[in-house]
1. If the requirement is being charged (D, E, K, R) and within 19 Å of Leu90 (Cα to Cα), which of these qualifies: Glu34, Glu74, Glu70?
2. Limited to segment 129-182, what total is found for residues that are surrounded by fewer than 16 Cβ atoms within 10 Å (Cβ to Cβ), assigned to a helix (DSSP H, G or I) and among the polar types (S, T, N, Q)?
3. Here are some residues: Phe56, Phe91, Phe16. Which one is of a type in the set (Phe, Trp, Tyr), in the same structural domain as Arg174 (by TED's automatic domain parsing) and without any contact (Cβ under 8 Å) to a residue 40 or more places away in the chain?
4. Kindly check whether there is at least one residue in segment 346-358 that is in contact with a Leu (Cβ under 9 Å, 6 or more places away or on another chain) and either without any contact (Cβ under 8 Å) to a residue 40 or more places away in the chain or among the basic types (Lys, Arg) (or both).
5. Looking at this structure, is Leu119 out of contact with any strand residue (DSSP E or B) (no Cβ under 7 Å at 6 or more places or on another chain), surrounded by 17 or more Cβ atoms within 10 Å (Cβ to Cβ) and closer than 30 Å to Leu179 by Cα?
6. Could you list, in sequence order, all residues of segment 19-36 that are closer than 15 Å to Asn160 by Cα and either under 38 Å from the mean Cα position of the chain (by Cα) or not assigned by TED's automatic domain parsing to the domain that holds Asn57 (or both)?
Amino acid sequence: MHRITNTGRVNLGHLFWLRNLAIIGQLATIAFVEIFIGAHLPQPAMLLVVGLEVLFNGFTWLRVMQQRPESNFELFGQLGADLSALSALLFLSGGTTNPFVSLYLPSLAIAAAVLPWYLMAWLAAFAMACYAVLSFNSLPLELDYPENLFGYYRAGMWINFMVSVGLIAWFVARMSGALRQRDAALGNARQRLLRDERAVALGVQAATVAHEIGTPLSTISMLTEELRDAARTDPGLKPYTADLDLLEQQMTLCTSALARLRSHASTSGEQQTLGSWLKPFVHQWRLRHPHVKFECLSVAPADIHLDDTLAISQILTILLDNAARASPNHVTLSIAPTTFSEPIESIDFEVCDAGPGIPPALRGALGVAPVDSTQGGHGVGLYLAFSAALQLGGSIELSDIHEGQARGTRALLRLPAALAATHEQPVRERSIPSHMEKHA
C-alpha cells in the first residue's frame, strides 16, 4: 500500500493555486502574442486544452475541500496532468522552438520536493519523452513578422526564466518550511515519548516501593501499639506519650498515602468545578503541613471546570511541598484565569515561596530529569509534575522572584479550563497557625 501523508493536502492545495496561476498566464500569453506579436495560433485547440485544465482544476478543488490526506500517486497524477497540458500547448505553438519549453523544469522541481524518487523518475522520463516528441513533430509558429523571431525568442526566454525562478523559489521554500515544521513536531513527539517512558518507569518503581513498605509499616504500627500499652503501666515510658501520638499520626499519613495510591491506580480522573474542588484540597494539604504559614487566593470563577482534579491535586501537592520545604514561613497559592475575557481558555495556578530561589546549576535540569536538590530531594516529584502537566495539555514554568525586597521561587501551572453552567463566589482562604499569628 502506498504511503499516505498528512502534508499531502497542503501540497495539493498548492498545486491547485499554482495551476490557477498557470491557466491565467496561458490565456494572457495567447492573447498577447495574437494581438501584439502577430502570431497565428490554433486558438480553438489551445482553448480546448485550457478548458480541460479548468475542468480538472475544479475537480482538484473538490478534492481539496474533502480535507482527506491523499497518496503520493494522487500527487503524481496531478503533476502528470500539468505536464500533459504543457506538452499539448507546446505542440500547438512551435514545439521545442517555443521559449516556454523550459517550463518542464519547475514542474519537475515540484515533483522532486513532494514525491518519492521512483515516482519522480517516472515523471522525469515522461517529460523527456514529451520533449523528444516535440523535437520532431509540432505545429510551426506562424508570425506576421518572422524577421523579429529572434527578438521575440529572447524576450520569451527572459519571461520564462523569471517565471521559473519564482515558481521554484516559492513552492520549494514552502515545502521546505513544511518539512522543517514536521521535523520539529517529530522531535517534540520523541521528547514527550521519552518523558512518558521515564514517568511510567518511575510509576512502576513507586508502585514497587509502595508494595515493599507495607510490611515495615505494619511492623512499626504493631510496635507502636505495644509501646503505648506498656506506657500505661511503665512510668518510664509516660514522657514519650506525645512522641507516640506523633508517630501514630505520621503512620496514618503514610497508610492513607498508600491507600490513595491504590485508589488512584484503579480510578480515572474526575471532572469538578474549581469551587467544589479547591476547599477540600486546601484543607487536606494544611493537615499535612500544619506548621506552614499558608495563604490561598482564588480570583477565578468558581464554575470553571477542571478536567482531571486528581492529576491537578497531585501536581499542586508536589509544587506546594517543594515550596514548604524551601520556606515554611511563607507559601502562597494564587488561582486566576490567564485572561479575564470570555470565554476563559486556561487557568493559572501560581505557587510562590520566600526561599533562596533556584540554584543556577539546576535551572536547565528541573522538570527534564530527576536531579538532587539543595533541600535533600531528588527532583522526582517535580519531574512527574512536569510530565503530568504536559499530559493534561498544560505547562509548568519556574522562575525567581525579584520584587523589591521579596525573594523566592514562582512555579506557574497553566492548564486548559471550561465553563460550567453554575456560578459560585470566588474562594479566598488564609491559614496561619496559632503559634505564628503574632509574627504575621
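The values are calculated or read from the model by the stated rules, or taken from the named source; none is laboratory data. Since this is a predicted model, take the numbers as computed values, not measurements. With ideal geometry, Cβ positions are generated from the backbone for all residues, glycine too; neighbour counts draw on all protein chains shown.
1. Details: Glu74 fails: within 19 Å of Leu90 (Cα to Cα); Glu70 fails: within 19 Å of Leu90 (Cα to Cα).
None of the others qualify; the one that does is Glu34.
2. 4
3. Values: Phe91 fails: without any contact (Cβ under 8 Å) to a residue 40 or more places away in the chain; Phe16 fails: without any contact (Cβ under 8 Å) to a residue 40 or more places away in the chain.
Matching residue, one of Phe56, Phe91, Phe16: Phe56.
4. So far as segment 346-358 goes, no, none of its residues is in contact with a Leu (Cβ under 9 Å, 6 or more places away or on another chain) and either without any contact (Cβ under 8 Å) to a residue 40 or more places away in the chain or among the basic types (Lys, Arg) (or both).
5. Numbers: out of contact with any strand residue (DSSP E or B) (no Cβ under 7 Å at 6 or more places or on another chain): yes; surrounded by 17 or more Cβ atoms within 10 Å (Cβ to Cβ): yes; closer than 30 Å to Leu179 by Cα: yes.
The answer is yes for Leu119.
6. Once the filter is applied, which keeps residues that are closer than 15 Å to Asn160 by Cα and either under 38 Å from the mean Cα position of the chain (by Cα) or not assigned by TED's automatic domain parsing to the domain that holds Asn57 (or both), segment 19-36 yields Leu21, Ala22.
Rundown of residues vs (1) among the aromatic types (Phe, Trp, Tyr); (2) modelled with pLDDT of 85 or more; (3) in the same structural domain as Leu52 (by TED's automatic domain parsing), yes/no style:
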{"position": "Ala113", "(1), (2), (3)": "no, no, yes"}
{"position": "Phe126", "(1), (2), (3)": "yes, yes, yes"}
{"position": "Asn137", "(1), (2), (3)": "no, yes, yes"}
{"position": "Gly151", "(1), (2), (3)": "no, no, yes"}
